[in-house]
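Scroll down for the structure; my scribbles are underneath it.
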Amino acid sequence: MILLRQVQLYNPLPQGLQDVLVAGDQVVAIQDKIDPGSLLNSVHVIHGEGRWLVPGFIDTHLHITGGGGEGGPQTRTPEIMLTDLTTAGVTTVVGCLGTDGFTRTMGNLLAKAAALTQEGLTAYAWTGSYQVPPRTFTGSIEEDLLYLTPVIGVGEIAMADHRSSQPTVEEIKKLAASARVGGMLAGKAGVVNIHLGDIPGGLALLQQVCQETGIPLSQFLPTHQNRNTYIFEEAMAYGLAGGWMDFTTSTVPQSIEAGEIPAHQALAKALEVGVPIERLSFSSDAQGSLPNFDEKGQLVGLDVGKADSLLESIRSAVNLSGVPFHVALQTITSTPARLLKLTSKGSIGVGLAADLVMLQPETLDIDTVISRGQVMLENGTPIIGGTFEECKK
Ligand code: ZN
């Protein structure tokens, strides 16, 4: 059992000073004051005075097995390690393949999701890669959703991008229909995670698919909607029409100079035009490759997307874009939980998952991370590492 004492609770809405008791992998009590009484010796007490307690972060789009490869085999990015996530406050992930659905396989993705789950996180997977028809594990989207526990939807399917398989409207219709029916039968979200490229019109195509099929717009989760100004303009119309808006947080200065809108600015603008926070989310694209050019435009190296860009974007939303903390926080907690239909995640409540992050209020630095009831990080230091990491207990 873990007792977090006198934390400022964000649920993600502010709940004031509370004691929070964890037993097993769940939160079992939240009260003004909890007296552990005779249980004191078996309770791990964490003093939360002066700290904020928020739900563990949910990252809906990251390349847990590594991604990239667009510059040749030497540009394939490395797989993610447990502490890359825990030090970033991320306790739930949805891993994806990417451009490379050939040397990267669904078997590899499922094994990595299983590894992260064994190591203490909650890890899901999108079935498929950029290509349509998607590269599934069983050969069928419906059967992947039905029989493979970690699979909660399809993705990342590339559209409006020179690296996509140039899917037609009819192909997207069939794919969305499979995801929808598979999701219904399996009791899962069955969402289609779309990689939105630079070519205008991708979001309008999704709207056309929905108009012609009766499939709701919420079936699609298009990401990278902040990738440039004209895509972002289209995205705002899409958000106002009822679609999810997902902004990528990993970036490099060169991309921002080339017109990418930082996720925190995209969030502030979308809120300003009236897109509800309930439909706005951030995802990190961690382990995706980020090309790094010098001032002459020569490729001088590759950076890799980082999971900690999620919290960095929350910090920037609060400090640079004037978004209230409890509003910005929803983009990586309650909104992704709702869109993925993860009813025990993204919030802090009795009976819900004990996925908790304790923050320093002034800096929003991470103090403590608890995932499925296990302390992964305390006083800013990982105390549980991945199998091949040094801080292994
Ligand atoms: Zn992508």
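Values quoted throughout were computed directly from the atomic coordinates according to the rules given, and no laboratory measurement underlies them. Quick caveat: nothing in here was measured; it's all calculated off a predicted structure. Backbone-built Cβ (ideal geometry, glycine too); neighbour counts: all protein chains shown.
In the chain, the longest principal axis of the Cα atoms and the axis of helix 309-319 are about 80 degrees apart. For the chain, the longest principal axis of the alpha carbon atoms and the long axis of helix 106-118 meet at an angle near 10°. Note on segment 56-339: antiparallel DSSP beta bridges, both residues inside, total approximately 20 percent of the bridges counted. In the chain, a dipole from Cβ-located charges (positive for Lys and Arg, negative for Asp and Glu) runs towards its positive end, and of Gly259, Leu356, Tyr147 it is Tyr147 whose Cα lies farthest in that direction. Distance between the modelled labels on Asp32 and Leu240, one decimal in nanometres: 4.6 nm (7 Å Cα→Cβ projection). In a simple Cβ point-charge model (Lys, Arg +1; Asp, Glu -1; nothing else charged), the chain has a dipole of about 760 debye relative to its Cα centre. Between Lys269 and Ser218, the FRET efficiency from the beta-carbon distance, with R0 = 22 Å, is close to 0.55. When the square roots of the Cα gyration tensor eigenvalues are ordered a ≥ b ≥ c, the ratio a/c for segment 56-339 is under 1.5, which makes its shape rounded. Taken one residue at a time, the phi angles of segment 30-41 give Karplus couplings (6.51, -1.76, 1.60, θ = phi - 60°) of 9, 8, 3, 8, 10, 9, x, x, 6, 7, 3, 5 Hz. Gly and Pro are set to x. Mean separation of Cα pairs under 8 Å and 6 or more residues apart, divided by the residue count, gives segment 56-339 a relative contact order of 18 percent. Amide H contacts under 5 Å for Asn193: Val154, Gly155, Ile157, Leu221, restricted to partners 5 or more places along the chain or on a different chain, H placed in the peptide plane at 1.01 Å from N.
Is segment 314-393 rounded, prolate or oblate when judged by the Cα gyration tensor, a ≥ b ≥ c being the square roots of its eigenvalues, rounded requiring a/c under 1.5 and prolate requiring a/b larger than b/c?
oblate
Here segment 111-239 was treated as a single set of alpha-carbon atoms; its pair distances binned every 5 Å from 0 give 2, 11, 21, 22, 20, 13, 8, 3, 0 percent. Over all other residues within a Cβ to Cβ distance under 13 Å of Gln18, the charged ones net out to 0, with Lys and Arg as +1 and Asp and Glu as -1. The local environment of His44, defined by Cβ-Cβ distances under 13 Å, has a net charge of 0 under the rule Lys, Arg +1 and Asp, Glu -1.
A cut-off of 5 Å between modelled amide H atoms, ignoring neighbours fewer than 5 places along the same chain, links Arg51 with Gln8. What is segment 248-393 by shape, rounded, prolate or oblate, if you read a ≥ b ≥ c off the alpha carbon gyration tensor as root eigenvalues and call it rounded for a/c under 1.5, prolate for a/b larger than b/c, and oblate otherwise? It comes out oblate by the Cα gyration axes. If you take all other residues with their beta carbon under 13 Å from the beta carbon of Ser313, and give Lys and Arg +1 and Asp and Glu -1, the sum is -4.
Relative to the longest principal axis of the Cα atoms of the chain, the long axis of helix 263-273 makes an angle of roughly 80 degrees. Could you list the GluC sites (Glu not before Pro) in segment 246-293 that lie in coil according to DSSP, counting only those with at most 14 other Cβ atoms within 10 Å of their Cβ? When the GluC sites (Glu not before Pro) of segment 246-293 are filtered for loop state and at most 14 Cβ neighbours within 10 Å, nothing remains. A run of the chain free of exposed loop cleavage sites, with chymotrypsin sites (Phe, Trp or Tyr not before Pro) counted only in DSSP states other than H, G, I, E and B and at most 14 other beta carbons within 10 Å, reaches its longest extent at 103-387. Mind listing which GluC sites (Glu not before Pro) in segment 295-393 are in a DSSP loop and have 11 or fewer other Cβ atoms within 10 Å? Hits after loop and neighbour filter: Glu295, Glu362, Glu390.
For segment 135-190 and segment 54-96, what is the centre-to-centre distance using only Cα atoms, to the nearest Å? Each part reduced to its Cα centre gives a spacing of 21 Å. Distance from the alpha carbon centroid of segment 100-130 to that of segment 271-347 works out to 21 angstrom.
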